[in-house]
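Following: one structure in structure tokens, then a few remarks.
The values are calculated or read from the model by the stated rules, or taken from the named source; none is laboratory data. Since the structure is predicted, the reported quantities are computational estimates derived from the model, not experimental observations. Here the Cβ is made from the backbone with ideal geometry for all residues, glycine too, and neighbour counts use every protein chain on show.
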Amino acid sequence: MKFLYPQFLYALALVAVPIIIHLFNFRKFRTVYFSNVQFLKSVKEKTKSQSQLKHFLILLSRILAITALVLAFAQPYIPVDESSQQAKKYAVSIYIDNSFSMDAENEQGRLLLNAKQHAQAIVDAYASSDEFYLLNNDFRGIQQRALNKEEFSKALNAIESSARTLNLNQIYKRQKNILEKSSSDKKDIYIISDFQNTISDLDINSQDSLYSVRLVAVKPYTNANLYVDSCWINTPNPQLKQNISLFASVKNNNSEEKREVNIGLEVDGQQKAIATKEVANEDVIELKFTVNTVGWHKGKLSLQDYPISFDDDFYFSFEVKPQLNVQHIYESTSQASLEKLFAKDNYFNYSKQSIKQINYSSLNQSQLIILDGLKDLSSGLQQSLKNALEKGSSVLVFPNTDLNAVTYKTFSQLLNIDHYEKLNEQDVKIQSLEDKHPLFDGVFETINERLNFPKVKQYYTIGQQSRSVGVPILKLEDNNGFLNEYQLAKGKVYLSSVGLDDSFGNFSQHALFVPILYNIASYAGGKQNLFYNIGQENITISTRTFESPMRLFNDKSEIIPEVSPSGLWLANQITEANHYELKDNKQETKAFLSFNYNRTESDLTLVDEESLRSLSEQQANVFFLDSKLDNLSNYIQDLNTGIPLWLSCILLTIFFLLIETLLIRLL
């Protein structure tokens, strides 16, 4: 217990007054006339003992009454937040979680509305002279300005749901940075949220008594939620009039029972497929469809769930390319097996050229570049290949029996991949095949241990570069890679230890040759990004030949992104999930880009209330405020000023005076 005005405690010396009066009254003698002296002795003894008890009780009640009255003037209180210390001016930062998870409901209605009511109650607990800062997920510059009570209420009413998601540690640091500029002698931080597990990474280690952190949790009726988490298609480059399998990942969070999901697929505004499936926790639903035109297509997956509905629709887009460009570069004669594979398939725009007549400008337009038995790699070719790889092309290298190891090693160092060391002129068997690699999707029904592999008559040993990371798709018995894959920027390099001519073996005539090269070509040009998430700090979209200025359009808005070598930088300009059309300065459509709300908000798993309470117990300046309190304003006042006891002292004073009166009259 502490006192607001401890100087009044000197007045406790006044208790000496009733003590002196009572001692003086005990020394006064009175003559008592009594008619019968027979009972005089017993009456005298009885009267004396009663009188002493009466005087002692009266003295005690007067002492207690004076003591209680003095304490009332000293205004005692029980401190709750030791850091407050009866501050003269407060700076108060209040964060309201306005993410989509706050659209859930409880017995008081929508959580966001509930949070606003709590924020207003908090402000009402402070004086008009205090400073107030209102923060939400939008992180706007105006939120760093101090507000008075009237301005705070207007800003509070204007808060709406936001697609942006931030973790609470970011919020706490932002609030503290804002309050550091204030000259107030006490600074209170309030965080009002549903405290989802995915964002509640609070790390409060501040021992600064100037700051007090107060957590207000609002909880929904139920935290179960059904939503589409992501989707993908079965091929990196879907083809015209062929079955396309779309896989949708559906999650049923925090539900103890299976839920029946009816999910619909819409492509270019037309219903293409409907699927029904019971989902326990998480499941993948397959939907099949076809498209009849080349170019870009817009898709949407839909289901129904209440009350969290922002994640019921999932947007995606993809391109059906008219052709994939395959460039075949050879030394003196080209391998006929490559021409047979690609030239007769209309899906591939196949072209070949000799190393002596190479057109470097065409390399950037090719999705797959095949180096067929080249003896030497010029510096110009090396740089052109690197540029093509950085833009998303793939390069497939088949060696020559008489290659220039120096230029090939320089090329490997330029790309940071493994290099050819020496030619081993001996037969060797292929030991294993990485059957889970995407290149073998749909190639085998079952993998037989006695699988017939290509014969190898001679091969190059592959020396490992210090920082290279290669994936062996096929491996020889001596653990040397038969065919290795390397990821470089947006492109891929495939390094074969054998060439295609007969001196290396029969790979070009083997059954595995066709599916491996066909899938390498199909995956060339990079995997399509079907969708992007919004609500992030930065979004980078891979591009090939986009030039500034570019514009993104939808029905409601126009956005001008920044064009850079790595793609388009959008910052936080996109706030609504939908399809956006990307156009150049000639108003030609370059792509359709689909954006979805961040699914971090879809997982409604909440931090346990006990965990929040334990955090407040571990940290002296952290408090957990129960949102179910009938009067939050009064509770905050108690936090700031302590629990006042002066009224109790006044009541005790009246009580002891009443006891004194009763003692005088009844005894």
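Things to note:
- Residues being modelled with pLDDT of 90 or more, among the basic types (Lys, Arg) and either within 24 Å of Leu604 (Cβ to Cβ) or outside the structural domain of Phe195 (by TED's automatic domain parsing) (or both) are represented in segment 113-126 by at least one member.
- With respect to the conditions (1) over 18 Å from Asn237 (Cα atoms); (2) surrounded by fewer than 19 Cβ atoms within 10 Å (Cβ to Cβ); (3) modelled with pLDDT under 90, Ser354 falls short on a single one, namely (3).
- Checking the stated criteria, Phe132 turns out not to satisfy the condition of being aromatic (Phe, Trp, Tyr) and more than 16 Å from Arg214 (Cβ to Cβ).
- Flag if Phe342 is in contact with a Lys or Arg (Cβ under 8 Å, 6 or more places away or on another chain) and buried (at least 20 other Cβ atoms within 10 Å of the Cβ): no
- Verdict on Leu604 being in a loop (DSSP other than H, G, I, E, B) and out of contact with any Gly (no Cβ under 8 Å at 6 or more places or on another chain): yes
- Summed over segment 252-304, residues that are of a type in the set (D, E, K, R), closer than 30 Å to Tyr221 by Cβ and more than 24 Å from the chain's Cα centre (by Cα) total 7.
- Test: residue in segment 271-280 that is within 23 Å of Asn529 (Cβ to Cβ), outside the structural domain of Ser384 (by TED's automatic domain parsing) and in contact with a helix residue (DSSP H, G or I) (Cβ under 7 Å, 6 or more places away or on another chain): no
- Filtered by the rule that a residue be surrounded by 15 or more Cβ atoms within 10 Å (Cβ to Cβ) and modelled with pLDDT under 85, segment 451-465 gives a lone residue, Gln465.
- Selected residue (only one of Asn448, Asn404 is out of contact with any Ser or Thr (no Cβ under 9 Å at 6 or more places or on another chain) and either at pLDDT 90 or above or at positive phi (or both)): Asn404
- Some residue of segment 364-382 being surrounded by 15 or more Cβ atoms within 10 Å (Cβ to Cβ), hydroxyl-bearing (Ser, Thr, Tyr) and part of a helix (DSSP H, G or I): no
- The sole residue among Leu439, Leu414, Leu474, Leu488 that is at pLDDT 90 or above, surrounded by 17 or more Cβ atoms within 10 Å (Cβ to Cβ) and among the aliphatic types (A, V, I, L, M) is Leu474.
- Of all residues in segment 191-210 being within 24 Å of Asp130 (Cα to Cα) and at pLDDT below 85, the one that is surrounded by the fewest Cβ atoms within 10 Å (Cβ to Cβ): Gln207
- Within segment 572-608, being of a type in the set (Gly, Ala, Ser) and either in the same structural domain as Val267 (by TED's automatic domain parsing) or closer than 30 Å to Asn253 by Cβ (or both) holds for Ala577, Ser594, Ser602.
- Cross-chain or 6+ apart pairs with Cβ under 6 Å, segment 317-337 first and closer than 30 Å to Asp268 by Cα, then of a type in the set (S, T, N, Q) and assigned to a helix (DSSP H, G or I): Asn325/Gln365
- Any hit, segment 417-434, residues being over 24 Å from Leu476 (Cα atoms), in contact (Cβ under 8 Å) with a residue 24 or more places away in the chain and not hydroxyl-bearing (Ser, Thr, Tyr): no
- Residue in segment 285-296 that is of a type in the set (A, V, I, L, M), touching a residue at least 60 places away in the same chain (Cβ under 8 Å), outside the structural domain of Arg110 (by TED's automatic domain parsing) and surrounded by 13 or more Cβ atoms within 10 Å (Cβ to Cβ) present: no
- All positions within segment 252-305 that are outside any strand (DSSP E or B), under 22 Å from His579 (Cα atoms) and not acidic (Asp, Glu): Gly269, Thr290, Val291, Asn292, Thr293, Val294, Leu303, Gln304
- Asp188 in contact with a strand residue (DSSP E or B) (Cβ under 7 Å, 6 or more places away or on another chain), buried (at least 18 other Cβ atoms within 10 Å of the Cβ), farther than 30 Å from Tyr306 by Cβ and assigned by TED's automatic domain parsing to the domain that holds Phe624: yes
- The one condition from (1) part of a loop (DSSP other than H, G, I, E, B); (2) in contact with a Phe, Trp or Tyr (Cβ under 7 Å, 6 or more places away or on another chain) that Thr222 does not meet is (2).
- Within segment 79-106, tally of residues that are hydrophobic (A, V, I, L, M, F, W, C) and modelled with pLDDT under 60: 1
- Selection status of Leu147, in the same structural domain as Arg110 (by TED's automatic domain parsing), modelled with pLDDT of 90 or more and closer than 17 Å to Phe195 by Cβ: no
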